[in-house]
1. Got the relative contact order for the chain handy, in percent, Cα pairs under 8 Å and 6 or more residues apart?
2. Excluding residues fewer than 8 places away in the same chain, name every one of the aspartates and glutamates whose C-alpha is closer than 13 Å to that of Lys116.
3. How about Lys31: which lysines have a C-alpha closer than 30 Å to its C-alpha, ignoring those fewer than 8 places off in the same chain?
4. If the only charges are +1 at each Lys and Arg Cβ and -1 at each Asp and Glu Cβ, what is the size of the charge dipole of the chain around the Cα centre, to the nearest 20 debye?
5. Give me, ordered by chain and number, the residues 5 or more places off Val25 or on other chains with an amide H under 5 Å from its own placed amide H.
6. Work out which helices of the chain, taken as complete DSSP H runs, extend at least 15 Å along their axis over the Cα atoms and score a mean Kyte-Doolittle of 0.0 or more, then list them.
7. Quick one: work out Rg over Rh on the C-alpha atoms of segment 9-310, Rh as Kirkwood radius.
8. Taking +1 at the Cβ of each Lys and Arg and -1 at the Cβ of each Asp and Glu, which of Leu26, Leu206, Ala299 sits farthest along the dipole of the chain towards its positive end, judged by Cα position relative to the Cα centre?
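Values quoted throughout were computed directly from the atomic coordinates according to the rules given, and no laboratory measurement underlies them. Please read all numbers here as calculations on a predicted model, not as lab measurements. For neighbour counting, all protein chains shown are included, and Cβ atoms are generated from backbone atoms with ideal geometry for every residue, glycine included.
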Amino acid sequence: MPSFPERAVIREVGLRDGLQSIQSVLPTERKWEWLRAAHEAGVREIEVGSFVPARLLPQLADTPELVDFARRLPGLFVSVLVPNLKGAARAIEAGADLMLVPLSASEAHSLANLRKTPDEVVAEVARMRAARDAAGAKTLIEGGIGTAFGCTLQGQVQARDVLRYMQALLDAGADRVSLADTVGYANPAAVRELFGAARAIAGERLWCAHFHDTRGLALANVVAALEAGVTRFDASLAGIGGCPHAPGASGNAASEDLAFMLAAMGVQTGIDIDALLALRAQVAQWLEHETLHGALWRAGLPKTFSAACAN
């Protein structure tokens, strides 16, 4: 029987990965409500936005205000996505705890998404590290390797390339690295193998796993990653999010479904699932014209849930 960790962390990414993928633009005040309610539900890591030009992603134009608000919530670890050195400078100035730099292991996806090759992204990370250190800032740098299990544009992505880019990011000065199934191609066997190899390289610096539920395997892939020793997972409330280069993608693993599964397996997250479901219902009202996902909100908690969690 596989052994699972006693605790795991869910990093909520709905305010960034989720909102950037839909048409609705939530007012800043609503996002503040989301942050406050998620914090009250026990979520302690949140990716609040991205430092990209507002003309490209108006949904995330208020990221500085969200970082400022989130930093005042006790014990909350605040992450942002940054695509380049200019974004990194803004993240450092705002005082974010961590900046995630996306690198696509697929060169075709990298050029389409960032207009940079993977090697150019590695070089940018080295410049970010130099700028961070020169500023005396404590903002961590996470190199997030996307399309780690395949790509809708390129097709096959070799594991050796994923691992090579991971080592290059660490050598360039990234404090943490993570792997993402950007287009939903992963399966549990592939996840167990790749994350096992990645842990052998990065050890505790392998920070997070990011799975999309495009083909219904996100939670199965989480279990496989747990078996490989991963204890931190990205997820999005109501499963919103996706990738513009993965048409038909259903979005990220749903935070509420993931929190329930982990709790039912005896893996503690510190999250109040009833409170998280109440927040999901609120967000569903705000995004009433958007397609949402997930199963727990519809089926509810099983009557045996409390007993299962106590075991």
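1. Values: 633 pairs, mean separation 61.5, N = 311.
Computed over the chain, the figure is 20 percent.
2. List returned: Glu107, Glu124.
3. Of all the lysines, those that pass the test against Lys31 - Cα under 30 Å, at least 8 places apart if same chain - are Lys86, Lys138.
4. 280
5. none
6. On the way: long enough: 28-40 (18 Å, -1.67); 118-135 (26 Å, -0.21); 159-172 (20 Å, 0.15); 188-202 (20 Å, 0.77); 273-286 (20 Å, 0.81).
Correct list, ordered by number: 159-172, 188-202, 273-286.
7. Values: Rg = 17.9 Å, Rh = 19.1 Å.
That ratio equals 0.94.
8. Leu206
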